[in-house]
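Worksheet: the structure to be examined is printed underneath.
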Amino acid sequence: CVPATGFETAGARLGAEDIRRLLRWKGVIGLGEVMNFPGVIGGDRELLQKIIMARGKVIDGHAPGLGGRELAAYAAAGIGSDHESVSLPEAAGKLRQGMYIMIRECSSEMNLKDLLPLVTDKTYKRCFFVVDDRSAADLLRDGDMDAVVRKAISLGLEPVRAIQLASINAAEYFRLNGLGAVAPGYRANIIAIDDLSSFKVEEVYHNGRLVARRGQPLFPLRKAGKKPDSTVNIKPFGLKDLRLPPRGEKMPVIEVVPGQIITRRRLEKVKTLQGAVATDTGRDILKLVVVERHRASGNIGRGLVKGFGLKKGALASSIAHDSHNIIAVGANDEDILAAIKEVERLDGGLAVAAGGRVTGSLALPIAGLMSDRPLEEVVDGLESLQGLAAGLGTKLPSPFATLSFLALPVIPELRLTDKGLVDVNAFKLVE
């Protein structure tokens, strides 16, 4: 799904012919995350052609909130899994339709506690853990899949079963023969732990070779190569381009749901100032902006968001799933502009601004998504920015992670892209 929908401007496009060619590559095991679920249900010809080409291989799903006949239609296309369930009834319904359930626990979407009762003696073989997105800070401080296993055990899941959901179950679903177990004929990718319950990893073996001990690598780290090509290409714009004209006394607002990837659509009475919609920090109604950064099209999506809690300042990021245009949230246009311009100057990254000036930033020069600096240095930078964001008033534990999903137009209910507000349930742009 590149792009995920036609409601956004992406940096590239994968058509059916591209998919056909890619599926022939060695190591390609299937089709990842068919995100345009309304397109599948509605019979989008090109999308169904991609799925047909992948038959016989693994086809991953993305079906937030689907149930009943719509879910049956989606599963009937040959899609075998889903990682978007946020409630036990939703996940149970997908399991009954024959899908594998990926139980997600990541930096901003935490579904493990709600979905863990789904795992029983009868169902556990069709469940496994995924992380979807974990921040660099969480990777360093808590771990990756091992952190999910630890939390599952702490919530009462039997330790060996928790390990199964992180290893052999996933390997069998993805048809990765020879992975996921400690047994003759399996690849010797092994971790050594002192205690099952605490699940603290002491040693890591890869292909039978000791590669890490107590969290430290025993192999040389690859040095960064030449500076990557620029991927930030923005048409010049100014403050006037961030103005949001009022469309009546009430306007749609994206409401963040703490700890979840879904949002809610609200209609809120808005304040106006000099003929434009103004933020209202007292009611936590902030400006949300998405600036297209691949083709210098000049597209700027403008909307309102509730749930960040900023009393002043702005945050901006070039991580904005899945097309990764620049997304910013703020209490005023001046700080939003300053934060976006800093991300542009960095050639991709994260930025915080307040009082019309940049107060902190972190460069992500590789596609605007990754850093070529050591992990510890990146985490220090990220945690510094999160501290600055907290100082501006946000209570969100991972505000940049939350921000990154607000431009993804395949997660209900309301999103913002460079082309405008998207009503995901109706699958259309909001006038």
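A compact globular protein would have a Cα radius of gyration near 2.2 N^0.38 Å; the ratio found for the range 1-52 is 1.13. Considering the range 26-180 at the alpha-carbon level, its Rg and Dmax are found to be 15.6, 46 Å.
A simple spin-label model places the labels of D144 and E377 2.1 nm from each other, with each point 7 Å out along Cα-to-Cβ. Of the residues S384, S317, S154, S371, ranked by 1.4 Å probe accessible area with the largest first, the sequence reads S154, S384, S371, S317. Over every Cα atom in the range 127-166, the radius of gyration and the widest Cα-Cα span, Dmax, amount to 10.2, 28 Å. For the range 1-59, the per residue solvent-accessible surface stands at 53 Å², with DNA, RNA and ligands left out and a 1.4 Å probe. With all pairs of different C-alpha atoms in the average, the Kirkwood value for the hydrodynamic radius of the range 271-408 is 14.7 Å.
When the pairs K240/K419; K113/K250; K50/K223; K223/K395; K250/K341; K240/K271 are compared against a 28 Å limit on Cα-Cα distance, K113/K250; K50/K223; K223/K395; K250/K341 fall above it. Taking K57 as the anchor, which lysines have their alpha carbon closer than 21 Å to its alpha carbon, excluding any fewer than eight residues away along the same chain? Within the straight-line cut-off, K57 pairs with K26, K94, K125. From helices alone, the chain scores -7000 deg cm²/dmol at 222 nm; the rule is -39500 (n - 2.57) for each run of n ≥ 4 DSSP H residues, then divide by the residue total. Computed over the chain, relative contact order equals 13 percent, with contacts defined as Cα pairs under 8 Å that lie 6+ residues apart. Over the range 123-193, what relative contact order in percent results from Cα pairs under 8 Å that are six or more residues apart? Relative contact order here is 27 percent. Rolling a 1.4 angstrom probe over the chain with all protein chains present gives an accessible area of which 53% lies on carbon and sulfur atoms.
Summing charges over neighbours of A278, with a neighbour being any other residue whose Cβ is under 9 Å away from its Cβ, gives +1 when K and R count +1 and D and E count -1.
Treating r as the C-beta distance of L179 and L273 and R0 as 56 Å, the FRET efficiency rounds to 0.45. Here the gap between D195 and I29, fully extended at 0.36 nm per residue and compared with their Cα-Cα distance, gives a gain of 56.3 nm.
Extension gain for the segment Y186 to A76, taken as residue separation times 0.36 nm less the Cα-Cα distance, is 36.3 nm to one decimal. Applying both filters, DSSP loop and at most 16 other Cβ atoms within 10 Å, to the trypsin sites (Lys or Arg not before Pro) of the range 346-431 gives K395.
In the context of the full set of protein chains, the range 331-431 has a per residue accessible area of 39 Å² (1.4 Å probe). If you take all other residues with their beta carbon under 15 Å from the beta carbon of S361, and give Lys and Arg +1 and Asp and Glu -1, the sum is -3. The residues of the range 233-305 present an accessible area of 49 Å² per residue when probed at 1.4 Å with all protein chains retained.
Over the range 106-230, the Kirkwood radius and the radius of gyration, each from Cα atoms, give a ratio Rg/Rh of 1.00.
The values are calculated or read from the model by the stated rules, or taken from the named source; none is laboratory data. Nothing here was measured: the structure is a model prediction, and the numbers come from that model. All Cβ positions, glycine included, derive from the backbone under ideal geometry; neighbour counts span all protein chains shown. Ligands, DNA and RNA are excluded from the accessible area calculation, which covers all protein heavy atoms including side chains. Shrake-Rupley method; radii C 1.70, N 1.55, O 1.52, S 1.80 Å.
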